[in-house]
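Notes for the one structure printed next.
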Amino acid sequence: MISYARQSQEEQPEASLPPVEEHIAPAPRVSVQAFCESVETAAAVQSAGEDRRLGKAHLKIQMGGMAAAIEAYRSAPTPNVIVIESDGRNDLLGGLDHLATVCDAGTRVVVIGRINDVTLYRELVRRGVSDYVLAPVGAIDVVRSICNLFSAPEAKAVGRIIAVVGAKGGVGASTISHNVAWAIARDLAMDSVVADLDLAFGTAGLDYNQDPPQGIADAVFSPDRVDTAFIDRLLSKCTDHLSLLAAPATLDRVYDFGVDAFDSVFDTLRSTMPCIVLDVPHQWSGWTKRALIGADDILIVAAPDLANLRNTKNLFDLLKAARPNDRPPLYCLNQVGVPKRPEIAAAEFAKAIESQPVVSIPFEPQIFGSAANNGQMIAEISANHKSIEMFLQIAQRLTGRSETKKQKSSLLSPLIDKLRGK
């Protein structure tokens, strides 16, 4: 029989891109078979199958609707998820009853229909249908429906992965990623982890003044051991809300990875941390491309010169094409205003990219150099420095959250803090 997976059904909006705040957790490795009646729905399902959140799912599409599904499973096992398009009410309910006789236990069914009626929905739920989606559907509607099947309402929210990458080497992408992660943890009060993916030359350990004996290399080279407890042992605590998965930054071995080398690490971090900031090295390989495309949000850090403009444009074009149902990447300009250096103005940069930078961070080697040498964040060096507000703006744009309101202080605050033992 079809398993019951009761979910509240809200009236479906028109097919559109998800709002910035919407976060759809990726689906696990499951098999999905769709039986469509219209070419438009088949095209939407096909497009959904190319979405990064269904990257691990194996999707197969057939035409013929309910009749084709019943015929297909008379002599074949059913997949994890069946998506069926149907236009009628009586044919739909009768077909589901017939499908239940050939459907394996545990299979989840998503119905795409054109009848917006709560009585019909209740009948579908009674028969064990997992979700009912109103046609016409867009790719994001299909992605949302399938992914939500594996996000239990009582489960902990799946973490958001933010990837930060430099458009060119030496533009300060690691510094930006570390300070933005600090703002996410401190100002937005989100439990976060920084994963330093530059195993040979990573600087996260230096910037946070941490020297853990273990780090991300232990997880990458022992994928069979990766689970929540194992990752927890590898994390180094920087603050109450911020942890670090450090790179070894040694050259005693060669770090050649396969395309999916970091998948188990990212999946485990998603299940335990609300926010994961990936410090992606400036290189182009199968795994770096996969990390960028698979991230929920992306920040490109660029300096205002021609090479950075070309590389930022190339990254934008590739990522927008590979992630059609996500919002475009964000970018910021860094090291703006180097004395005697010819620079491309922010307006010209934005015209070429067809997007405005989140912020333009000025070139200030004194404070940034002092922070790097001391193993501190800019906020620790100078609490009122103007770049701190810029890091917070980036953090808010990437997470879709506003700043956590701080309690107003008073003349009695120091005395109250003492009494509380702070």
Need one number: nm distance between label points at A346 and D267, each 7 Å from Cα along Cα→Cβ, rounded to one decimal.
4.2
Once the convex hull of the C-alpha atoms of segment 31-148 is built, how many Å³ does it hold per residue, rounded to a whole number?
91
Beyond 42 Å, how much of the Cα-Cα pair distribution for the chain remains, as a whole percent?
25
Which of these, D252, D326, D87, has the largest mean-square fluctuation under a Gaussian network model of the chain (Cα springs below 10 Å)?
D252
Cut-off under 5 Å, modelled amide H: who pairs with M63 long-range:
C36
For segment 160-399, what is the convex hull volume of its Cα atoms per residue in Å³?
121
12 Å reach of a label modelled at A200, 7 Å along Cα-to-Cβ, counting backbone N of segment 251-282
251-257, 282
For a quick check of your reading of the filter: which chymotrypsin sites (Phe, Trp or Tyr not before Pro) in segment 176-249 sit in a DSSP loop and have no more than 13 other Cβ atoms within 10 Å?
F201, F221
In nm, spacing of pseudo-spin labels at S75 and Q376 (7 Å Cα→C-beta vector):
7.5
For segment 41-54, what does the Karplus curve 6.51 cos²θ - 1.76 cosθ + 1.60, with θ = phi - 60°, yield as ³J(HN,Hα) per residue in whole Hz, taken in order and with x for Gly and Pro?
5, 4, 5, 5, 5, 4, 5, 4, x, 8, 6, 4, 6, 10
5 Å-binned pair-distance histogram of segment 252-350 (Cα, whole percent)
2, 10, 19, 19, 18, 14, 9, 6, 2, 0
Greater than 18 Å apart at Cα, pairs in K237/K289; K289/K320; K168/K340; K56/K289; K289/K313:
K237/K289; K168/K340
What longest region of the chain stays clear of GluC sites (Glu not before Pro) that DSSP places outside H, G, I, E and B and that have at most 12 other Cβ atoms within 10 Å?
155-353
The set of residues whose placed amide H lies less than 5 Å from the amide H of H58, leaving out same-chain residues fewer than 5 positions away, is V30, S31, V32
Helix-only [θ] at 222 nm, the chain, -39500 (n - 2.57) per DSSP H run of 4+, per residue, nearest 500, equals -10500 deg cm²/dmol
Which residues qualify? For S243, with a placed amide H closer than 5 Å and at least 5 residues away or on another chain, they are S192, V193, V194, C238
Using the Karplus equation 6.51 cos²θ - 1.76 cosθ + 1.60 (θ = phi - 60°), what ³J(HN,Hα) coupling, rounded to whole Hz, does each residue of segment 290-302 give in order, writing x for Gly and Pro?
5, 5, 5, 5, x, 6, 6, 9, 10, 10, 9, 9, 9
Separation in nanometres of the label points that stand 7 Å from Cα toward Cβ, at I115 and E50
3.4
List, in order, the whole-Hz ³J(HN,Hα) value for each residue of segment 385-392 obtained from phi through the Karplus relation with A = 6.51, B = -1.76, C = 1.60 and θ = phi - 60°; use x for Gly and Pro.
5, 5, 5, 4, 5, 5, 4, 5
Need one word for segment 208-305: rounded, prolate or oblate. Basis is the Cα gyration tensor (sqrt eigenvalues a ≥ b ≥ c); a/c below 1.5 gives rounded, then a/b vs b/c decides.
rounded
Considering the zone a paramagnetic label at V338 would reach in this model (a point 7 Å from Cα along the Cα-to-Cβ line), which residues of segment 163-192 have amide N under 14 Å from it?
167-173
Which of these, D104, D117, D91, has the largest mean-square fluctuation under a Gaussian network model of the chain (Cα springs below 10 Å)?
D117
If you take the square roots of the eigenvalues of the alpha-carbon gyration tensor of segment 159-215 and sort them as a ≥ b ≥ c, do you get rounded (a/c under 1.5), prolate (a/b over b/c) or oblate?
oblate
Among S31, S75, S285: highest mean-square fluctuation, GNM of the chain, C-alpha pairs under 10 Å:
S75
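Since every read-out is calculated from the coordinates, none of them should be taken as a lab result. All figures in this text were calculated on a predicted structure; none of them were measured in a lab. Cβ atoms come from the backbone with ideal geometry, glycine included; neighbour counts cover every protein chain shown.
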